[in-house]
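Colleague: For reference, the structure I am asking about is given below.
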């Protein structure tokens, strides 16, 4: 696979997607794993974290921007969520960067209104699934390296929380969080998996992930630059996630082959994308989410789409 440095392209113009079912009626039992990770065909995930070689601050600034939005939300008189650790991630390490300045963008520009809705939506869905799924004790967060969910959410006990993110950003965040006294829930463990890993599937398994046990996956903030990188991630998750596991998250619409206004094309591509990896998915519109929270819909078209996807295939571990 070509390195992502050679696959970078300017972000396309994207739009918003209305909530609707984006999958046909397919029998879950009809799926079977038809691909293996052979010795000669071991897949390498060349991810956007390699950009750090060209601009060491790029990923850090993008993560800081998201942390600053969570901090601003926490200060609101009626916050949708509270992140008590966002503040400690900011000033000591932002240094030369003005927090009001928009950092270089990897996929889309963060909109404060849309970001707060997305974070609240994903928090609620994650906790709801964690409490309703039987014996789920594996949570995988695909993040920018400054996701504070391991510290600010209440997890089932015991649980292992895997944070897949750029190593350089995660190290900075870990130092700041440790200095602030942040701790995860009792009887839970946080395990970091560097996004730069050559074989994400193998590294997760080495660190204790079990493909024959239920898992929850959250995708928000992961620095992906191309649809190729997204496909690599979905491929790895599909191999690892036990049947009945869930992947929830936020995706740039530009990875769905569409521009603003071309919703039929976006829906069609998204359906093919998720089904090709064994997932049945639903997309959600930010405006409808806001209405469900008794809030005014955010103004302007946004370039991301929220989704919830269920794994219909057997994982590699289940096939053995």
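Colleague: Sort segment 174-215 into rounded, prolate or oblate with this rule: let a ≥ b ≥ c be the square roots of the eigenvalues of the Cα gyration tensor; rounded if a/c is under 1.5, and if a/c is not under 1.5, prolate when a/b is larger than b/c, oblate otherwise.
Modeller: Oblate shape, in that a/c is at least 1.5 and b/c is the bigger or equal ratio.
Colleague: Once you put a point 7 Å from the Cα of residue 207 and another 7 Å from the Cα of residue 320, both along the Cβ direction, what distance in nm separates them?
Modeller: With each label placed 7 Å out from Cα toward Cβ, I get 2.0 nm.
Colleague: Could I ask something else about it? Report Rg (one decimal) and Dmax (nearest whole number) for segment 152-258, counting Cα atoms only, units Å.
Modeller: 14.8, 44
Colleague: Determine, for 163, 199, the number of other Cβ atoms within 10 Å of each Cβ, and report the residues in order from fewest to most.
Modeller: The fewest-first ordering by Cβ neighbours comes to 199, 163.
Colleague: Then there is this: Just want the ordering: 133, 189, 270, from fewest to most Cβ atoms lying within 10 Å of their own Cβ.
Modeller: Least to most surrounded, the residues fall as 189, 133, 270.
Colleague: Between residue 72 and residue 131, what is the FRET efficiency for a Förster distance of 35 Å, r being their Cβ-Cβ separation, to the nearest 0.05?
Modeller: Computed FRET efficiency for residue 72 and residue 131: 0.75.
Colleague: Counting alpha carbon pairs within less than 8 Å and at least 6 residues apart, what relative contact order, in whole percent, applies to segment 215-256? Before the final figure, lay out the partial values.
Modeller: Details: 26 pairs, mean separation 28.5, N = 42.
Reported as a whole number, the value is 68 percent.
Colleague: Just want the ordering: 152, 70, from fewest to most Cβ atoms lying within 10 Å of their own Cβ.
Modeller: Numbers: 152 18, 70 25.
The fewest-first ordering by Cβ neighbours comes to 152, 70.
Colleague: Let me ask something else about it. At what distance in nm do the modelled label points of residue 199 and residue 301 sit from each other, each positioned 7 Å from its Cα along Cα→Cβ?
Modeller: 4.3
Colleague: What distance in nm lies between label points placed 7 Å from Cα along the C-beta direction at residue 291 and residue 153?
Modeller: Roughly 2.6 nm, to one decimal.
Colleague: Quick one: check the C-alpha center-to-center distance for segment 271-320 versus segment 200-254, whole angstrom.
Modeller: If we compute the Cα centre of each part, the gap is 13 Å.
Read the figures in this text as sums done on the coordinates, not as results from a lab. All values reported here derive from a predicted model rather than from experimental measurement. Note that we place each Cβ from the backbone using ideal geometry, even for glycine, and neighbour counts take in every protein chain shown.
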